[in-house]
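The structure appears right after this line, and notes come after that.
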Amino acid sequence: MAVDYKKELNGLIELILKEQASDLHFSVGAHPLIRVSGTLIPLLKKPVLTDADVNSFAKVLMREDQYARYAQFNEIDFSFENTEGVRFRGNAFHQRGKMGIALRLIPNVIRSYEELNLPPILESFTQRSQGFFLCVGPVGQGKSTTLAAMINTINKTRAEHIVTIEDPIEYVYEEEKALIDQREIGIDSKDFQTALNAAFRQDVDVILVGEMRNTETIAAAVTAAETGHLVYSTLHTNDAAQTINRIVDSFPGTQQDQIRVQLAGSLIAIFSQRLIPHITGGLVPAYELLINNHAVSNLIRENRIHEIPSVIETGLEQGMIDMNRSLARLVQNGDITVENAFTYSVNPKGLERLI
């Protein structure tokens with residue numbers, strides 16, 4: 001009997017919602033897997049997937065043009081929404097010559113800082129008229145969710161024109177006070193750089209760049225922040241110092257002094273986060289926050305980036321926080337285990353002094 005893959009997918013989506021899972025994986029030769037509270041769990045009651053199964057799920061998940069692009073390039077980012085409005089960010093890829101699919105659930109409700117256990121100071125970074133705010137961390141650490149909470153704060157409080165540039169679109173906003181245009185790369189614009197350059201002609205106040213993937217996009221984002229726009233974006237870096245180095249190092253040597261000057265003047269803050277298993281289940285964020293002040297600006301301009309961690313450690317009164325202090329607080333509050341705190345710390349010796 002032929003398998004109804006649309007019906008199968010809907011059943012898996014129901015299970016994801018019931019189990020509060022974050023991800024769904026299809027891989028040839030394995031059962032479907034879901035990720036719950038950071039742990040991958042095989043769905044052993046479901047059959048092991050064949051190449052034909054994964055391709056059939058792909059055809060349910062993608063439009064025809066997306067599947068054609070996948071067939072051409074062996075990988076593609078896409079978004080999927082079922083008839084009940086449940087949304088996923090997806091990536092289809094080749095591994096050992098066969099297709100794999102990873103789906104990340106995108107909650108319909110954009111949660112508040114309190115619900116996300118994020119520091120209230122993030123709200124102050126939505127009240128600026130211009131500048132550059134970066135949310136950084138490895139893949140799957142909640143960067144998009146944090147930025148969505150910040151964009152939605154502006155949406156609720158100010159009559160601004162917000163343009164989001166994403167690949168694919170993740171959170172969908174319900175307009176309140178703001179006008180929000182959401183552009184998807186590959187559908188609404190060719191690439192991030194093209195969409196960013198076009199934004200200058202769109203009477204835009206706030207720009208969300210889903211990801212800065214190349215030097216041209218970084219340059220356009222920094223220029224936008226310098227020229228009267230409030231710009232939010234992400235990078236796959238581990239902390240504030242590494243983020244600044246990554247940005248500067250992406251430019252040729254002859255341009256690096258200039259980008260340091262631009263960054264020193266336009267940067268608002270860098271927020272780095274990790275999602276850590278909570279003792280009672282679920283995930284809780286630990287974070288580092290660098291706020292650009294006169295001292296930080298000078299360090300960036302003078303290429304003394306290695307001194308930034310010390311500034312964060314001593315900047316508590318200004319609202320800065322280093323990752324170890326954040327981890328120590330979570331341990332002291334009974335949110336995470338000591339073992340997990342050390343697992344996620346980049347400076348375990350420093351953490352020892354705080355726990």
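Taking L290 as the residue in question, decide whether it is within 21 Å of the chain's Cα centre (by Cα), surrounded by 14 or more Cβ atoms within 10 Å (Cβ to Cβ) and not assigned by TED's automatic domain parsing to the domain that holds Q242. Steps first, please.
Working: within 21 Å of the chain's Cα centre (by Cα): yes; surrounded by 14 or more Cβ atoms within 10 Å (Cβ to Cβ): yes; not assigned by TED's automatic domain parsing to the domain that holds Q242: no.
It is false that L290 is within 21 Å of the chain's Cα centre (by Cα), surrounded by 14 or more Cβ atoms within 10 Å (Cβ to Cβ) and not assigned by TED's automatic domain parsing to the domain that holds Q242.
Please count how many residues of the range 22-52 are out of contact with any Pro (no Cβ under 8 Å at 6 or more places or on another chain) and either at pLDDT 95 or above or of a type in the set (F, W, Y) (or both).
The number of residues fulfilling the criteria is 15.
Within the range 272-318, track down each residue that is in contact (Cβ under 8 Å) with a residue 40 or more places away in the chain, in a helix (DSSP H, G or I) and more than 24 Å from I247 (Cβ to Cβ).
Within the range 272-318, none qualify.
For E123, indicate whether it is among the charged types (D, E, K, R), free of Cβ contacts under 8 Å to residues at least 40 places away in the same chain and over 18 Å from Y173 (Cβ atoms). Break it down into steps so the answer makes sense when it comes.
Numbers: among the charged types (D, E, K, R): yes; free of Cβ contacts under 8 Å to residues at least 40 places away in the same chain: yes; over 18 Å from Y173 (Cβ atoms): no.
Criteria not met by E123.
I need the strands (runs of 3 or more DSSP E) fully contained in the range 18-78, keeping only those with at least 3 residues that are surrounded by 12 or more Cβ atoms within 10 Å (Cβ to Cβ). It would help to see each step written out before you state the result.
Working: elements: 23-27, 33-36, 39-42.
Filter on the range 18-78 gives 23-27, 33-36.
Within the range 142-256, considering only helices (runs of 4 or more DSSP H) that don't extend past its boundaries, which have at least 3 residues that are within 18 Å of the chain's Cα centre (by Cα) and among the small types (G, A, S)?
Values: elements: 143-157, 192-199, 215-226, 240-249.
Of the helices (runs of 4 or more DSSP H) lying wholly inside the range 142-256, those with at least 3 residues that are within 18 Å of the chain's Cα centre (by Cα) and among the small types (G, A, S) span 143-157.
Conditions first: (1) hydrophobic (A, V, I, L, M, F, W, C); (2) surrounded by 16 or more Cβ atoms within 10 Å (Cβ to Cβ); (3) at pLDDT below 95; (4) over 27 Å from D65 (Cβ atoms). I106 passes all but one, so which condition is the exception?
The number of the failed condition is (4).
Just one of T243, T280, T215 is out of contact with any strand residue (DSSP E or B) (no Cβ under 9 Å at 6 or more places or on another chain), of a type in the set (V, I, T) and under 29 Å from S112 (Cα atoms); which is it? Let's see the steps before the verdict.
Working: T243 fails: out of contact with any strand residue (DSSP E or B) (no Cβ under 9 Å at 6 or more places or on another chain); T215 fails: under 29 Å from S112 (Cα atoms).
Going through T243, T280, T215 in turn, just one is out of contact with any strand residue (DSSP E or B) (no Cβ under 9 Å at 6 or more places or on another chain), of a type in the set (V, I, T) and under 29 Å from S112 (Cα atoms): T280.
Only one residue in E123, E160, E170 is under 22 Å from F271 (Cβ atoms), out of contact with any Leu (no Cβ under 8 Å at 6 or more places or on another chain) and at pLDDT 95 or above, so which one is that?
Details: E160 fails: out of contact with any Leu (no Cβ under 8 Å at 6 or more places or on another chain); E170 fails: at pLDDT 95 or above.
The unique qualifying residue is E123.
Considering only residues that are part of a helix (DSSP H, G or I) and within 22 Å of the chain's Cα centre (by Cα), look in the range 341-354 and name the one that is surrounded by the most Cβ atoms within 10 Å (Cβ to Cβ).
Residues of the range 341-354 part of a helix (DSSP H, G or I): 341-344, 348-352.
Next, from what is left, pick out any that are within 22 Å of the chain's Cα centre (by Cα): 341, 343-344.
Details: A341: 25, T343: 14, Y344: 20.
Looking at the filtered set, the residue picked out is A341.
Which condition number in (1) over 17 Å from the mean Cα position of the chain (by Cα); (2) at pLDDT below 95; (3) β-branched (V, I, T) is the one that V139 fails?
(1)
The values are calculated or read from the model by the stated rules, or taken from the named source; none is laboratory data. What you see is a predicted model; the values in this text were computed from it and never measured. Cβ atoms come from the backbone with ideal geometry, glycine included; neighbour counts cover every protein chain shown.
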